[in-house]
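The values are calculated or read from the model by the stated rules, or taken from the named source; none is laboratory data. These numbers come from a predicted model, not from an experiment. When we count neighbours, we look across all protein chains shown, and the Cβ atoms used for this are built from the backbone with ideal geometry, even at glycine. Quick note on the areas: whole protein, heavy atoms, side chains included, nothing else; ligands and nucleic acids left out. Shrake-Rupley method; radii C 1.70, N 1.55, O 1.52, S 1.80 Å.
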Amino acid sequence: MEKIDRTKKRLGDLLVLDQAITEEQLKSALQEQKNLGGKIGEVLIDLGYTTDRDIARALHRQLGLEIVTLSDVEIDEKIINLVDESLLRKYSVIPFDFSKSSGNILRLAMVDPMNFTAIDDISIVSNCQIEPVVSTLREISLAIDKYYGNKETLAVVKKYTEEKKTVFEEKELTENSDILNSPIVVLANSIIEQAVRQRASDIHIEALERKIRVRYRIDGVLKEVMSFQVNMLSALITRIKIMSNMDISEKRKPQDGRISKVVDRQEFDIRVSALPTVFGEKIVMRLTPKQGVAKDKRELGFTGKEVKQFDKMLSHTHGIILVTGPTGSGKSTTLCSALTELNREEVNIVTVEDPVEANLDGVNQVNVNVKAGLTFASALRSILRQDPDIIMIGEIRDSETAQIAVKASITGHLVVSTLHTNNAASSITRLVDMGVESYLIADSVVGVIAQRLVRRLCTQCRIPYEASAEEKKLLHYDKEEKLTLYRPCGCQHCSETGYRGRIGIYEIMNISSELKEIIVENKSSEEIEQCALDHGMDTLYISATRKVIDGITSIEEMKRVIYEDD
């Protein structure tokens, strides 16, 4: 193995040499590091000068080192037992394989392969020569969580049992107590950090009869990730309540709170809900990144045709745009992406939400507070006196909010909001049910988007197969033509699920002049839908079939999310 020349340049110099950053950016980062401390790579990322992937690519080019994707690697148990987890976290490294040339050369994934102190320490502990390989901090952290997370949990549980009598009296559990390194604090932080690294949207901590179960919702599906003794429940719930500013003495009523936490240099807003159950309180945490919620429409799953339809809606200066679908169907992400596109210096955007899910720079966001008398309706009345151009309503829940929203749109404002209906056409009849006059709906609504989320097939392991006659019929595909579909398999990259990530399917209904006439005539949702179909609308079902035929998702996933009447 070729040994790295220890006289090589430092990380910052290598990045400048590779033109990943400029000399001025490096000087600025070094000054920031001098003032606040930290590793130079992390400082450069925090300042927005580069990304962890750009750093990895630069090191690959400048040092000639291999880049490894750890999610594609299965690490042997023998390697896992060579080095203690605390040392790996200290240096942000993980050994993952032995070199093919020699069994005594250990391949080590590193964020900074120029960290020779880390190489020496791992070499001494493992009694192996080290061959450095480049990876990103996120990949390394996720791999450490995957292979050492359960061991860490067991160690915490053991330590908790030993210290229970002296540490975890609830009266001592205040934020100012000297318990930041206590087992229960470590466990609570670990549960959140592992959830972030595994791309979870929600964390469920549940009290069962004989154990505590922790589940993560990943790509819309719950998965059990750990469990431990039920006698830890009280301390764990209390710790999370402290973190989210809840009342730790109240155990009989539901409570809500919030946590702001930075994981791998990304800040997350965590909404926390505590609910009393038969065996104790249950905690659910919703994880939302404070930055980066808004995405490009194509990244969300919109096709070229759908992007044009959506853009046509957003081009209106006044009217209502509705996004509809069940809880967890991605409505908020779609609205955030729309607002980000509309957010310009000359436009005043105000939102009213319950609660504010993601901070949008340059947008005035209002949190509903029912106890203080700040409801959707009362907030909307105040917002209309704030000279808004665009108003976003988190959800139209009642008749009063619907009436104000319609009036606001008619008087020259663009209003975007969500509803809970099954499809685009039924959103119109829902507004009628809320007491809004049909002629006002026809005059105000410019478009409706119904959406769902389906899981993406893992491109690393999906298996092709020839569609059956029944499947072709389900997809409205010519039974005489050959059709290749894909089914999930499962690999390291997708944590053996066969799926990785989610994508939206959409039903976009632009309100044409013909649709306006039908709405004014108070026609049924079926008649509204038929008119929309006649004028080029694609249903959710059609959108889903395209994703299946294109190999993006499976037919099983389509069936799970979409139902079509015979």
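Observations, loosely collected:
- Computed from the C-beta positions of LYS39 and TYR439 and an R0 of 60 Å, the FRET efficiency is 0.40 to the nearest 0.05.
- Carbon/sulfur fraction of accessible area - the range 324-374, other protein chains in place, 1.4 Å, %: 46 percent
- Theoretical ellipticity at 222 nm over the chain - DSSP helices of four or more residues, -39500 (n - 2.57) apiece, nearest 500: -11500 deg cm²/dmol
- A Förster radius of 30 Å combined with the Cβ-Cβ distance from LYS312 to THR277 puts the calculated FRET efficiency at roughly 0.05.
- Share of Cα-Cα pairs in the range 246-335 lying beyond 22 Å, as whole percent: 52 percent
- Between the listed residues SER337, ALA20, SER315, the Cα displaced farthest toward the positive end of the dipole of the chain, a dipole computed from Cβ unit charges relative to the Cα centre, is found at ALA20.
- The range 46-72 and the range 382-406 have Cα centres lying 46 Å from one another.
- Net charge over other residues, Cβ less than 9 angstrom from the Cβ of ILE270 (K, R count +1; D, E count -1): +3
- Area accessible to solvent at ILE552, 1.4 Å probe radius, in Å²: 50 Å²
- Considering only HIS420, SER273, TYR486, and ranking their Cα positions along the charge dipole of the chain that arises from unit charges at the beta-carbon of Lys, Arg, Asp and Glu, the one farthest toward the positive end is SER273.
- GluC sites (Glu not before Pro) restricted to the range 1-105 and DSSP loop, no more than 14 other C-beta within 10 Å: GLU2, GLU66, GLU74
- Stokes-Einstein diffusion coefficient of the chain, Kirkwood radius over Cα pairs, 25 °C, 0.890 mPa s, in µm²/s: 91 µm²/s
- Distance between the pseudo-spin-label points of GLN129 and THR484 (7 Å out from Cα toward the beta carbon): 4.4 nm.
- Dipole axis of the chain (+1 Lys, Arg; -1 Asp, Glu on Cβ), positive-most option in PRO464, ASN522, PRO183: PRO183
- Of LYS90/LYS241; LYS90/LYS146; LYS39/LYS78; LYS223/LYS473; LYS331/LYS482, pairs whose Cα-Cα distance is over 27 Å: LYS90/LYS241; LYS39/LYS78; LYS223/LYS473; LYS331/LYS482
- Cys residues of the chain counted as unpaired, since no other Cys beta-carbon is under 4.7 Å: CYS128, CYS336, CYS531
- Rounded to the nearest 10 Å², the accessible area of GLU514 at probe 1.4 Å: 80 Å²
- With eigenvalues of the C-alpha gyration tensor scaled by 5 and rooted, the range 188-237, Å: 20, 12, 7
- Dipole magnitude for the chain: computed about the Cα centre from +1 point charges on Lys and Arg Cβ and -1 point charges on Asp and Glu Cβ, it is near 1300 debye.
- Percent RCO, i.e. relative contact order, over the chain, from Cα pairs under 8 Å lying at least 6 residues apart: 9 percent
- Residue-span extension gain [SER227 to HIS476] - 0.36 nm each, minus C-alpha spacing: 85.2 nm
- Peptides 318-331, 210-223 ranked from most to least packed, by the mean per-residue count of other Cβ atoms within 10 Å: 318-331, 210-223.
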